[in-house]
Amino acid sequence: MGRQNVVMSEFYCTQCGNKGLPVWRRAGKEREAGHLKKLFCLKCGRETNHAECKESTHYQFSDFKIEFEYGNFTEEGLRKQKYGELRSDINDGRAEKIKTLGDDRSTRIRKELLDT
Ligand SMILES: [Zn+2]
């Protein structure tokens, strides 16, 4: 048989936006994109919730970026509101951007994706 079908998940810290180590999961055994997982963040120096992002799903890095920038995560790393609700608030002009993840960072991440 051919190569095993694996899916790469990326994890981003809900507190600082730092990218954690990626995790490879066998297709079919993966968790739902966007789910929150406790991982050690090197930048924060402690365990924090990380959001799981997967390319070609309904929750990718661009989605995490929106949640992060609109401050949708509490200090405990939980969502203040569901992502879908946040999106409709943004569409209706009821949400405000409060932080930014630098552009250099998303450029770098895009580059990392192209390199692999
Ligand atoms: Zn962090």
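The values are calculated or read from the model by the stated rules, or taken from the named source; none is laboratory data. Since we're looking at a predicted model, the values are computed, not measured. In this analysis, Cβ positions are derived from the backbone assuming ideal geometry, glycine residues included, and neighbour counts consider all displayed protein chains.
Okay, here's what the table says:
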| item | result |
| --- | --- |
| Tabulated pairs, segment 15-29, first in contact (Cβ under 8 Å) with a residue 40 or more places away in the chain, second among the small types (Gly, Ala, Ser) and surrounded by 10 or more Cβ atoms within 10 Å (Cβ to Cβ), C-beta under 7 angstrom, 6+ apart or interchain | Gln15/Gly77 |
| Hits in segment 30-44 - residues which are within 14 Å of the ligand (Cβ to nearest atom) and in contact (Cβ under 8 Å) with a residue 40 or more places away in the chain | Leu36 |
| Asn5 in contact (Cβ under 8 Å) with a residue 12 or more places away in the chain, polar (S, T, N, Q) and within 16 Å of the ligand (Cβ to nearest atom) | no |
| Elements of type strands (runs of 3 or more DSSP E) contained in segment 12-116, each with 1 or more residues being loosely packed, with under 13 Cβ neighbours inside 10 Å and at pLDDT 90 or above | 36-41, 46-53 |
